[in-house]
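Novice: First the structure, then my questions, so here it is.
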Amino acid sequence: MGTKVKLCLIGTGRAGMIHAENFCTNVKDAEMIAVSDVDEQRAQEAARELGIASWYTDYREAIKESGADAVIIATPTKFHCDIAVCAAENGLHIFCEKPMAMSVPECEKMIRAADKNKVILQIGFMRRFCGDFARAKEIADSGEIGEVVMIKSLTRGPSTPHEWMYDIRKSNGPLAEVNSHDLDTLRWFSGSEPESVYALGGNYRCETAKKQYPDFYDTVILNIRMKNGIIGCIEGAQGVGYGYDARVEILGTKGMITVGELQKNSVVSYSKDKGMKSDVVESWRELFEKAYEKEDRAFVQCIQRHEKPFVGGEDGLKAVAMVNAGNESITTGRIIIM
């Protein structure tokens with residue numbers, strides 16, 4: 001391997017291009033050399049935008065022929081396992097966007113392939129790289145608010161889902177697509193694993209999905225009891241329209257910590273016509289821009305230093321297990337023991 005880590009992007013959607021642009025401009029020891037997308041036009045446009053020559057429509061060819069040292073997997077979730085295993089078997093390190101996979105067995109297969117072929121497997125839980133979240137974790141661990149007893153974490157997205165996300169069998173629903181970060185945050189802040197979950201969900205905004213996809217929910221609440229006694233509440237919603245909303249509250253025996261806010265900045269205007277008004281965060285890309293940059297840099301450093309990633313396959317697996325249990329609870333109406 002040369003001085004710079006050579007990377008191939010697989011999946012040129014919004015998340016994939018954020019990572020690719022970071023590796024091109026903000027991570028000095030990285031070099032983007034190829035992209036792959038099943039849509040030929042998108043692959044060509046992405047390559048042109050990134051200023052690279054190589055593009056592919058078949059990820060297998062990209063993995064075997066591009067000369068990359070590592071891949072960034074940013075495709076729909078149902079493809080993650082096959083791509084990651086192929087990359088590992090060809091000796092390429094793996095950065096996989098969340099959700100890690102569709103099921104625990106798929107996650108286990110990815111972990112085994114990475115371990116067998118001695119490659120790094122990092123999962124895209126960028127909130128662990130966000131300065132505010134890291135500071136909140138530090139305060140909680142210090143004992144400043146006493147013993148942590150309850151953690152609430154929510155994510156609400158402004159836009160309606162892509163049609164493929166309506167099919168729970170293909171996407172695992174909003175618990176996976178929206179709340180994977182919240183589930184990882186709960187595990188991270190509690191320092192424990194889930195004991196039982198109970199979830200409720202409903203479709204309140206996506207009328208066009210109701211007939212063909214009756215199981216789809218755009219709003220969900222998931223209550224969790226952790227093995228160390230901490231209780232958690234995860235809330236998610238899609239299509240809220242008003243902005244991108246990501247907040248966490250950590251309640252202790254002697255105090256509380258809050259992380260995140262909907263308000264974009266401290267400027268508030270007051271007028272007779274519009275009353276009180278302030279700007280809101282419009283996109284997850286805006287809110288976690290620096291966190292994406294830090295996790296991309298950390299991935300390259302792990303490869304260069306042969307270090308274990310901060311967020312690995314086991315973290316991705318645990319989040320997927322909670323997603324699957326939550327979906328089972330929504331379907332059956334039962335508390336699921338994990």
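Novice: From the residues 67, 198, 252, which one has its Cα farthest along the dipole of the chain in the positive direction, the dipole being from +1 and -1 charges on Cβ of Lys/Arg and Asp/Glu about the Cα centre?
Specialist: My answer, from the dipole projection, is 252.
Novice: Turning to a different aspect of this structure: Mind checking the full-extension length gain between residue 53 and residue 331? Use 0.36 nm per residue of separation minus the Cα-Cα distance, one decimal, nm.
Specialist: Contour length minus the Cα-Cα distance gives 95.4 nm.
Novice: A follow-up question, please. Whole angstrom only: what separates the Cα centroid of segment 62-92 from the Cα centroid of segment 238-262?
Specialist: Cα centres, segment 62-92 to segment 238-262: 34 Å.
Novice: Also, I was wondering about something else. In the chain, which whole DSSP H runs stretch at least 27 Å along their own axis (Cα) and average -0.5 or higher on the Kyte-Doolittle scale?
Specialist: 313-332
Novice: Trypsin sites (Lys or Arg not before Pro) within segment 136-234: which are DSSP loop residues with at most 14 other Cβ atoms inside 10 Å?
Specialist: 210, 211, 227
Novice: On a full-extension model of 0.36 nm per residue, what is the gain between residue 159 and residue 290, subtracting their alpha-carbon distance, rounded to one decimal in nm?
Specialist: Extra length from residue 159 to residue 290 when fully extended: 44.9 nm.
Novice: Return one whole number: the accessible area per residue of the chain in Å², for a 1.4 Å probe.
Specialist: Using a 1.4 Å probe on heavy atoms only, each residue of the chain averages 47 Å².
Novice: With runs of 4+ DSSP H residues as the only contributors, calculate the mean residue ellipticity of the chain at 222 nm using -39,500 (n - 2.57) per run, divided by the residue total and rounded to the nearest 500.
Specialist: Result for the chain: -11500 deg cm²/dmol, rounded to the nearest 500.
Novice: Per the 1.4 Å probe, what fraction of the accessible area of the chain, in percent, lies on carbon and sulfur atoms?
Specialist: Answer for the chain is 47 percent, counting heavy atoms of protein chains only.
Novice: Full extension from residue 207 to residue 112: what is 0.36 nm times the residue separation minus their Cα-Cα distance, to one decimal in nm?
Specialist: Full extension of this stretch gives 30.1 nm more.
Novice: Report, as a whole number in µm² per second, the diffusion coefficient that Stokes-Einstein gives for segment 7-150 at 4 °C and 1.567 mPa s using the Kirkwood radius over alpha carbon pairs.
Specialist: In µm²/s, the coefficient rounds to 80.
Novice: Now a separate question. Can you tell me which of 58, 315, 218 moves the most in a GNM of the chain? Springs connect C-alpha atoms under 10 Å apart.
Specialist: The residue with the greatest mean-square fluctuation here is 58.
Novice: Just checking my list (1) 61, 47, 38; (2) 54, 41, 38; (3) 54, 52, 49 against Cα extents along the principal axes in Å computed from this structure; which label fits?
Specialist: From the options (1) 61, 47, 38; (2) 54, 41, 38; (3) 54, 52, 49, the structure gives (3).
Novice: Further question: Run the paramagnetic zone check for residue 215: 7 angstrom along Cα to Cβ, then residues of segment 320-334 with backbone nitrogen under 15 Å.
Specialist: Taking a point 7 Å out along Cα→Cβ of residue 215, the residues of segment 320-334 whose backbone N falls under 15 Å are 323-334.
Novice: Same structure again: Which order do 93, 19, 306 take when ranked by solvent-accessible area (1.4 Å probe, heavy atoms of all protein chains), largest first?
Specialist: The ranking, largest first, comes out as 306, 93, 19.
The values are calculated or read from the model by the stated rules, or taken from the named source; none is laboratory data. Treat the numbers as computed from the prediction; the structure is a model and nothing was measured. Note that we place each Cβ from the backbone using ideal geometry, even for glycine, and neighbour counts take in every protein chain shown. Surface areas here come from the heavy atoms of the whole protein model, side chains and all, with no ligands, DNA or RNA. Shrake-Rupley method; radii C 1.70, N 1.55, O 1.52, S 1.80 Å.
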